[in-house]
Structures are given as structure tokens and as C-alpha cells.
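Everything on this sheet refers to the single structure shown next.
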Number of protein chains: 4
Amino acid sequence: MPTMTANSGPTDLLRCLQLAEAGRMYDLSSGWWRHMPNFDGYPRFEVVTYNSPAGERVEGRFPFDGSPNDVEFGYVSELISGSLHTGTHIDALSHVTGGTRDEWNGGTSASDAVGDHGPLRADAAELPPIIGRGVLLDIPGFLGLDVLPPGFAIGAEHLAGAADAAGVTVGAGDIVLVRTGQMRYWPDVDRIARECAGSGVDLDGARWLSARGVAHTGADTMSFEVRPSRVPGNPLPAHLHLLKECGIHILEWVNCEELASDSVSTFLFVALPLTIRGGTGSPIRPIAVV
Amino acid sequence: MPTMTANSGPTDLLRCLQLAEAGRMYDLSSGWWRHMPNFDGYPRFEVVTYNSPAGERVEGRFPFDGSPNDVEFGYVSELISGSLHTGTHIDALSHVTGGTRDEWNGGTSASDAVGDHGPLRADAAELPPIIGRGVLLDIPGFLGLDVLPPGFAIGAEHLAGAADAAGVTVGAGDIVLVRTGQMRYWPDVDRIARECAGSGVDLDGARWLSARGVAHTGADTMSFEVRPSRVPGNPLPAHLHLLKECGIHILEWVNCEELASDSVSTFLFVALPLTIRGGTGSPIRPIAVV
Amino acid sequence: MPTMTANSGPTDLLRCLQLAEAGRMYDLSSGWWRHMPNFDGYPRFEVVTYNSPAGERVEGRFPFDGSPNDVEFGYVSELISGSLHTGTHIDALSHVTGGTRDEWNGGTSASDAVGDHGPLRADAAELPPIIGRGVLLDIPGFLGLDVLPPGFAIGAEHLAGAADAAGVTVGAGDIVLVRTGQMRYWPDVDRIARECAGSGVDLDGARWLSARGVAHTGADTMSFEVRPSRVPGNPLPAHLHLLKECGIHILEWVNCEELASDSVSTFLFVALPLTIRGGTGSPIRPIAVV
Amino acid sequence: MPTMTANSGPTDLLRCLQLAEAGRMYDLSSGWWRHMPNFDGYPRFEVVTYNSPAGERVEGRFPFDGSPNDVEFGYVSELISGSLHTGTHIDALSHVTGGTRDEWNGGTSASDAVGDHGPLRADAAELPPIIGRGVLLDIPGFLGLDVLPPGFAIGAEHLAGAADAAGVTVGAGDIVLVRTGQMRYWPDVDRIARECAGSGVDLDGARWLSARGVAHTGADTMSFEVRPSRVPGNPLPAHLHLLKECGIHILEWVNCEELASDSVSTFLFVALPLTIRGGTGSPIRPIAVV
């Protein structure tokens, strides 16, 4: 199967690039803006003007080599703050832990590797550039729905059925995007909460994905997996299965609406995470090219 | 000329993807880390652990649907703050202004469009995905040097000479990366300050680039252009020419060392800026594929 | 009248200190905590652990003179962010502006004096230590109520009436605290919103206070003044009258519950604002001593 | 000796207030400003304009009850971030730990009580208002110096000698300020580093203070105690002795220059720490009144 990621060999990479046949590009990102919706447990995303021409004049500030500034050069910059899990993003492997030793993928214990300034290992600095075959599994499309109902659990049978219906065989190295339709209402998260929140992949679905050797997987939701969990005592089993057990990165808030509306099933997928040391993920602006 | 960007047509986009022939990828980014070197006028880049399994236990915090947590699920996240011009990045068109009305590209006055939370227009939200032909102009390589000397002004003749030596014709839609060699010492900015700071493109060089219709241009330095400026009364003439007059985005801190060491001159270039409203640029992790 | 502030002479200061006769102290502050209630237009108050013994061990960090650390010395610190108008606070004179030139007290125009990093003048750096006679005007107490009803406008007659009932003559240099009772429900701001929000001093009330030469005035609410405004076209007339026209600082979220419940009317009042350059106010922890 | 703190009884509090006899007040704080000097291990102190009249106009933002705004009301506010140990401040008891269990005062282990958002106990929320007898021990004055030399260790004999010379008996409940003279050069920390850094109280000095039952103690330096430590294997023994063993709060960067220059030895001392939950200290603006 011609799919590959940054870690694959040159032949695979070239084959992936050749997946683009029509020369049409899709932006799969959520956009980002001050105070945008996000998981409550993360800091609020903030954007503040940090430099402005008016401010530079008031402060008599002009830090450029002592040059005269007859042309009235000015510059604008910003201070931002927030979580790297804001908007469309990818989870690093250090993002989730399980067990009494708080271990993430590979057996690293958070108590050994999470400092005051993020994890020392398995952090965003280890996220590869992602170029590979993208596969969209449009679950509501497969079921004849616009959007999945609240709390709908996407199991192996739904993933397999959607793949079959699209004539796609999911395979090693694929980046599989699972559509619930929640982003049809984005960024109206109140409407999402009322009409369709919680739908997502369940543990069987996650196992179906890992069994096929996918490189990464994502969804158009905040949590990727079905909420509340169907596994008693395990609040986020798909996260633990994919990130911790299998080392498969999860992408969240990936906007699949245009792909679905154009009935695109396979495509060149590119995402370029920022390698921030101590980060537990990275915002990304994934693109699909067909 | 077979180069194109997101704004180009489908045929161009496909031709660009075909620039990759060997299936080898280069990561052109600087990396990012807490307190990493940056322009003094920007906020310091900060990374702090925001959620950790140990902290969750101490605080009795577990915000997941009221589920029991027999598997000891935990999560790690971070708070980051800083400027979007940290590490490898691209400048949005609202980043620089000139004239008594503080105008940026297109005549927008900062006093009309810069609010307390960034510019309302010409901001990072307008940055396109960038896929195109990348061209490396290795100036020290052309001159038989490892690194350009401090304050070396790269003029049209150097750019033209380096292109000729590489057998490349720079043309419309190209993304041109100009190498000074400063990143050979990255991130040792004290050494850069001592041995090679200030080298960069001068106004004539910038005009040479814009005359060829390049889509974007960048360098392996903090400021892209030569410092101090050679144009009396105009501290950053290349910025004003490219960003304000021509609408050509500037990329800074682009790591060209591996490309140069492999004598790569043309390549598929991909960068995917984050469309942050109110941002005046975006960190990027550009890749080259040959 | 024996009242004074830091600006008053030595005799006044001594007389103020002698207001304490019983040796009983009241803490008039709101407390502060992560994500505490605040005006929506301000940044959220954030507290994050920045140094911890566990983190120091993980990071191998110990920045103390290269000494061995046989005693396992560790330290804990924090990163905080937010507005200086969080919880109990005092407004600096640069906090509000009016007119087409955006002027604050004394005719300074914000366009001349507000830089990118706060106002250059009339900022928190100019806030004096406050030691003076405090006067509590308990309006619901005067009216036989527990708490004022929503949007209740406190006029001159209510202030005068409450002063008379308490046998107090408000005079020059006094720090007058006006109680609405809203903090009876603090920090349950949902209940405040439902049952009593918006009560506060109206423009006539503010004029009554300024006419008596008060040094500072405050209330147990977020906005000090009645909301919505009773003055058409002027959304916050008491702020403009007191801060801009009269140079009288306003204190907000001052907890008067204990004073009221003990029927205290006059007291030694002490508050020590932080002189933060560029700040437009300061959190304070005022105390009353009787 | 009639000294007391907030925890003392009414009689003591009144006696303290009577220490003021001349009606003269001293501001003992450092001031605060963006990027001010601080311990490298803490976040940089940042101040950014968050609301401004110009910004409000650009953004069409006016969140006041939907009222018309004929008077052009505007407001200015800020975003600040940093450590609570910036400038003049007081350490909470959770600030330092020792031993393999990382315990602070009273035996609390940081691993049990430091969450992701600060300590749950012994934090700034437990800091009392401080009103008491202040005592200045001017060590360079006692030794006939302007400023102590670099790394000068202030021992019990220096403290006792300075007290004797001033005719003061240090006693229970006192707030003792130890002057090294470093703040004579404040905020020129480069000069401090060159000429006088590191002077401070040694372990014997700290024991002398605790033996007298002082309520709090402070100095005009960043670290209070002598640096490097004179106790092998214990980098900050005075911190551990005072904060951890004795529960005596430490004040740092207290400006004693004016008191010393006026030969003031005893005074009414007032400081009002902000009770920030999760904080490990608080900036304070202490005053002395004589």
C-alpha cells in the first residue's frame, strides 16, 4: 500500500506525493483566535498586541541599530499564551499516562520525566513532519446522516463499513481521519454540546485502527474518542490504547467538512508539527491535496 | 517556470509536488525551547507544565465525565507564552509599517486596524499554506566561504551570481531562501554576535527578488536583511520593500545548513503557517523535499 | 476633621493611627485564586507552579552557587498572569478616559501616554500608600435590607442618610466605603447576577462624595457604580466624575461584610498598592483597625 | 517589648500603632516594572497593555450594558505575568523544602501538597496582614561602611552589635530588617554584582533572630542570606532554618536606605501581603511609620 510518513523510505515518500492528481488543496484546520473554544482544563488562548507603531512612538522605542528613522518604520507584534492543544493539534506521546507509575508509551514514568517545564522526552520535539496517505472515514456519510448523534460510539464495524463503502483499504502508514460531523457547527460549541457532542471512536474502533498499522489518526472533535467512555474504570481507553500502547499520535479538531462534502476518501496529507521542547503536542494546520 | 504556491492553479501545484525526485526530506526549522534566543523586543518564550499526573492527584482533579479512573489515567499539558516570531517563522503583512500614517501593504493604517489584540487584517489568519518550488541561494558557498562576515550586505549581484553558479533561474512563485551561514552556529547566538551577525540582503538584493516575482523569501537569520541598514534614514528597507510595497512574506531563522551541505538548489518547499487571528506572523516548520 | 492620607501632614497621620481604640483588625479583601470571578473584558487570573522540588530533580536544576545539596533543598514558585483589577483593587487615574481626545485626569490624552506596556503616567507607580480614616456607609443596613436589590441606584440622599444614621460626618481625606451587600454572596457571582447585581453609586452620589473632599472611595462590587447607568449617553458617569474630573481613586470588590455586621462606621483604613509601572491599578488587601 | 503582629492580641496591636510618634512614613518597596531585575530562575516580569481607548475603537468593543457612549468613555488595563517573588516580597512557608521527602514547615511534603497550580497549603493565602514593631539593624552603619563587601557573612555578633549600637533590644514579635546596603545601588544589579553581591545573614545570624522570637525578618537583598553558603552541603541554611524549622517568614528586596540615612531603628511596620491561593509568596509594599 503506497502510504508512508516522514519515517518511511524515499520511495514511499515519492509515492505519497503522487497521490495528488487533481492539484486541489484543502485546509483541514480549525483556525485560531483569542478565547476560542477549548477544553476547560487548559489555559485560555490569549492574543495581545505587544508592539505597535503608536506604542513605539509613545515610548520612544526604536531598537534598530541607532539608525535614524526618517521613513517612520514601525512594527507590530503580539504576545500569545495558551495550550499547544488549542484548535487543530496533534498529541505528543507524553500527553497521556496510565497505571500507578504514570507511564506513557515505552514505559517512561511521568515522575521521572515531567519537569516544571514540560516532559523531557516523548515531547513535541520528537514529533515528525507528517507526509503520507490520508484516508477519510466519513461515518455519518456512511450511515446516511449529516452528523452523528450525541455520544455515538464509532466501533470497528463502522470504520470498516465506511472504508468499504469508499472502496479504501486502510493500511500501514496511513493517516486516518474519522469524521463525526461535529465540525459542521464549529465554532458554535454550544450547539455542538446540545446536538452532537461526545461522538467518537470507541476502544474496538481504536484497536481496528492500530491493527492496520496506521501512522496517525485523528477526528473532527475535541477528544477523538467517544465520551463518556464505554469501558468501566477507563475514562479514555482509546487514548491509552493509541498513544500509550501503540505509539500512534492522535489529531483532534481536524476539519473534515470540505473533504466529506467533496466525497474525498484518499489524499496526500501533510502536517508539520512544531518541535517545541517540553510541549505535549502541537497546533497544526494540516492540508489534504488531491 | 514551474513554481507555485497555494494561490496558484492546480497544474502548478502538481508540478511543484513533482519536484521531489529522490524522496529525501529536510527539516528547515530552528527548533523551539523555553528561553530560546530571540529578538530582545519580543516577549521571552516560556513553557510551563500545566497539568501532570502528580498534580492531578494532589488536586483531586479529574475532569472526565465523572468516570471512575481505575486505570490511573493521567495527562500532561503545558502553558506556553511568547511571540509568534520565535524561531523559524513567517511574517504576516501587518508586521511592518511605514510613513506617517503607519501603513502596511495595501495602504492599511495601523491606527485603523491594530486593536488591543492584534491586527484585524493582513494578520496570520491570512497566511496561506505554502507549497512551491524552493530555491536556495547559498551566498557563502558562492563566495567560497563557510559563513558570511559580520554585516555583509548581500546585493543583487550576489543573488544573481549564486543562482547562476547553481544553474537556477529564479522565477515567479519561487520561495527563495538566502543563506548567510549564521545558523551554522545556531543556537549559539553569542558566537553569532561575535563572528557573523548582521549579514543579510540589502535593498538592491530585495529588489532583485521582487523583480523576479518570488512568492516568499527567507533567510537563516533573525532579521533577513543586512544590519545596520545601508540606506540612510531607513533602518529596515528590505522589510519595507518586500512586505509593505510588494506583499512578499519574509521567513526568518530558516535553517539552510543541510541543504547547503548537500548542494541542494531547488526543491519542493512546504510550510503551513498557523492562521492565528491577530497574529503578525507564525512559527513554521518548513520542509524541503528533493 | 481628623482624617488623612499619605499625602497629609504628620499630625494627620498620627491622628489617623489613633482611630484604632479596640485593637481589632478586619481584612477587607476578596481573596485571590486561579480563575476567580472577574470582569469579562480582563484576562483570566492564572496561577501555575513554576518550580517544584520534583521538577528540580527531574531537570537536574539547582541554581545555587554550585554548592552540593546534601540537605535536599528545594523551592516552590509560581507563574501568575492576569489583570491588576482582579479581586479587591484600586484604580489608578489612567484607568478611564473620556472625550474625543481620550483624556484622563489632568488632561493627559491616552494617545500621548499609553504605550504598548501600559500608561507612562498616572499609572500604578503613582499610587500612594493609603492610611486614613475609613468610613463605612452601609446602605442596605440604613434601608433595613440585607442586600440592595438589582440595579439599585445609591444617590446622595442614601449616602447622607446612612452617614447620619451612623452619626458620621464625611469629610476631607476620608476613605469612604459604600456597602451594597453584594459580597454577602461572594464569590458566588452567579447568585450575585441573579439576586443583586448592578447596585451602586449614581452620579449624584459620586458628586456628594467629591463635594466632601474624600480621598478615595470604594464599594463591595465589581463596578462601584450603578449599572446600567442612569445618565443617557454616559455608561460610567461616576467613574468619569471621580477618577477623571476629581482625581479620586476608586476601590472595588472591597469586602465590607464583617464591618457591617459589627456595626463599625469609622476606622483606621490602610491599603498599600503596588507601584507597578504601566499598571492601571493594583490589587490591594485593605485592612480596617478599630 | 511591646511588639506584635496580626496574630497578637488587641493590646499589642494598639501599642504597635503608638510607635508612630513623628508622623513620618517611609516606603520600603523596590518599585516594580516590566523586565525588572529578578532571580534568573523565575519568570520575567511582563506588563502589556490589554485594553486601550484606541484599541476599543478599532475593535468596536464596548462591553457596557449596550449603553450609547456619547462621552467617548474608554478604559485602559493591562496583562501582567511573572513571579510573586518579584521586587519587594515576602516568602510563604511553602516556598522552601528540605530533606528527601521535600518537606516544608510543619512536615508537609511537597509531593502531597504542591499541585499544578501551586501549593494547597502554607501558601500566600495564609499570609497574615503584618502590623508590628519594625527594627532596623544597619550592619554597614554599625561597621562604619556604606555597603557591606561582597559575600560578607552577617553573624550573630553583627546583629547583636548593631542592635546594641542602636540601643534596641530585639524581641518577640518584632519584624527585623537587616541592611547590607545593596539597595543603595538598586536597580543597578550589574553594579551590585560587581561591588557587593552575596552579603547576607548566615546560619548563626538566623539562629540569633529565631532565638529572639522575631515574627518576620527581611533584608535589602535578593536572597536574604549570605551567598555562597558557609555551611557545606546546605546551600541556603538560613532559609531552611527560618522558613522550614521556625515558620518565620522572610522578606526580600526591602529598601532600607532612607531609614538608615535617617538613623531610624524602630518603627511601626506595616505590610499587607496578597492572599493568593497557590502563591508561594507575595509582592508587598511595606511602610515604616515613625
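Let me know the mean shielding of A:34-45 by other chains, meaning the per-residue number of their Cβ atoms within 10 Å of its Cβ. Spell out each step's value before the answer.
Numbers: counts 7, 4, 2, 0, 0, 3, 2, 10, 5, 13, 4, 1.
Mean number of neighbouring Cβ atoms from other chains: 4.
How big is the Kirkwood radius of segment C:122-254, worked out from every pair of different alpha carbons and given in Å to one decimal? Numbers along the way, then the final one.
Details: mean 1/r = 0.0678 Å⁻¹.
This gives a value of 14.7 Å.
Could you look at chain D and say what percent of its accessible area is carbon and sulfur, using a 1.4 Å probe and all protein chains?
Details: 4260 of 9140 Å².
Within chain D, the accessible surface is 47 percent carbon and sulfur.
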* Structure fact -> Mean other chain Cβ within 10 Å across B:120-131 is 3
* Asked: Under a 5 Å amide H to amide H cut-off, with H placed in plane at 1.01 Å, what residues pair with C:Asn51 once short-range neighbours are removed?
  -> C:Ser77, C:Glu78
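From the Cα trace of the protein assembly as shown, what convex hull volume per residue do you get, rounded to a whole Å³?
On the way: hull volume 190.2 nm³, N = 1160.
Spread over its residues, the Cα hull of the protein assembly as shown gives 164 Å³ apiece.
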* Convex hull volume of the Cα atoms in segment A:1-117, per residue, in Å³? -> 278 Å³
* To do: Compute the label-point distances linking C:Asp70 to its equivalents in the other copies; points lie 7 Å from Cα along Cα→Cβ; give nm, one decimal, shortest first.
  => 4.9, 7.0, 7.9
* To do: Leaving out ligands, DNA and RNA, calculate the buried accessible area for the pair C and D with a 1.4 Å probe, summed over both sides, in Å² to the nearest 100.
  => 7700 Å²
* Other-chain or far-sequence residues with amide H under 5 Å of D:Phe267's (modelled H) -> D:Gly134
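In Å, the Kirkwood hydrodynamic radius of segment C:56-104 over pairs of distinct alpha carbons? Numbers along the way, then the final one.
Working: mean 1/r = 0.0628 Å⁻¹.
When all Cα pairs of segment C:56-104 are included, the Kirkwood radius is 15.9 Å.
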* Globularity index of segment D:195-290, i.e. its alpha-carbon radius of gyration over 2.2 N^0.38 Å -> 1.13
* Inter-site label distance for B:Arg194 and D:Ser109 at 7 Å from Cα along Cβ, in nm -> 4.7 nm
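Report, as a whole number in µm² per second, the diffusion coefficient that Stokes-Einstein gives for chain D at 4 °C and 1.567 mPa s using the Kirkwood radius over alpha carbon pairs. Walk me through the numbers on the way to the answer.
Numbers: Rh = 20.2 Å.
D = 64 µm²/s.
For D:Thr11 and D:Asp262, FRET efficiency with R0 = 51 Å and r from the beta-carbon atoms, rounded to 0.05? Write out the running numbers ahead of the final one.
Values: r = 29 Å, r/R0 = 0.56.
E(calc), rounded to 0.05, equals 0.95.
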* Asked: Of all trypsin sites (Lys or Arg not before Pro) in segment A:8-90, which ones are in loop regions per DSSP and have a Cβ with at most 14 other Cβ atoms within 10 Å?
  -> A:Arg61
* To do: Nearest to the axis that maps chain C onto chain A: list the chain C residue whose Cβ wins, with the distance in whole angstrom.
  => C:Arg44, 3
* **Residues in segment D:272-286 that, when all protein chains are in place, have 10 Å² or more less accessible area than the chain alone would give (probe 1.4 Å)** => D:Leu272, D:Pro273, D:Leu274, D:Thr275, D:Ile276, D:Arg277, D:Gly278, D:Thr280, D:Pro283, D:Arg285
* Compute the FRET efficiency between A:Gln18 and D:Arg101 as 1/(1 + (r/R0)^6), taking r as their Cβ-Cβ distance and R0 = 45 Å, and round to the nearest 0.05. => 0.15
* Per residue of A:90-102, what is the mean number of Cβ atoms on other protein chains within 10 angstrom of that residue's Cβ? -> 4
* Label-zone membership for segment A:196-220, site A:Glu245, 7 angstrom Cα→C-beta point, backbone N under 17 Å -> A:201-217
* To do: Run the 1.4 Å probe and let me know the accessible area of D:Asp164, rounded to the nearest 10 Å².
  => 120 Å²
* Structure fact -> Dividing the helical contributions, -39500 (n - 2.57) per DSSP H run of n ≥ 4, by the residues of chain C yields a 222 nm value, nearest 500 deg cm²/dmol, of -5000 deg cm²/dmol
* Computed over segment B:97-250: relative contact order in percent, which uses C-alpha pairs under 8 Å that are six or more apart -> 25 percent
* Structure fact -> Restricting to Cα pairs under 8 Å and 6 or more apart, the percent relative contact order of chain B works out to 29 percent
* How high is the relative contact order of segment B:1-121, given as a whole-number percent (alpha carbon pairs under 8 Å, six or more residues apart)? -> 19 percent
* Asked: Packing-wise, with mean Cβ within 10 Å as the measure, how do B:16-23, B:176-183 rank, highest first?
  -> B:176-183, B:16-23
* For segment D:112-137 and segment C:139-199, what is the separation of their Cα centres, given in Å? -> 32 Å
* **Proportion of all alpha-carbon pairs of segment B:29-183 beyond 29 Å (%)** => 48 percent
* Asked: Put a dot 7 Å past each Cα toward the Cβ at D:Glu157 and C:Arg230; how far apart are the dots in nm?
  -> 7.3 nm
* To do: Express the accessible area of segment A:210-290 per residue in Å², computed with a 1.4 Å probe while the remaining protein chains stay in the model.
  => 25 Å²
* Quick one: check the C-alpha center-to-center distance for segment B:212-241 versus segment C:67-98, whole angstrom. => 39 Å
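The values are calculated or read from the model by the stated rules, or taken from the named source; none is laboratory data. All values derive from a computational prediction rather than experimental measurement. We place every Cβ from the backbone using ideal geometry, glycine too, and count neighbours over all the protein chains shown. Please note that ligands, DNA and RNA were not included when accessible areas were found on the heavy atoms of the full protein model with its side chains. Shrake-Rupley method; radii C 1.70, N 1.55, O 1.52, S 1.80 Å.
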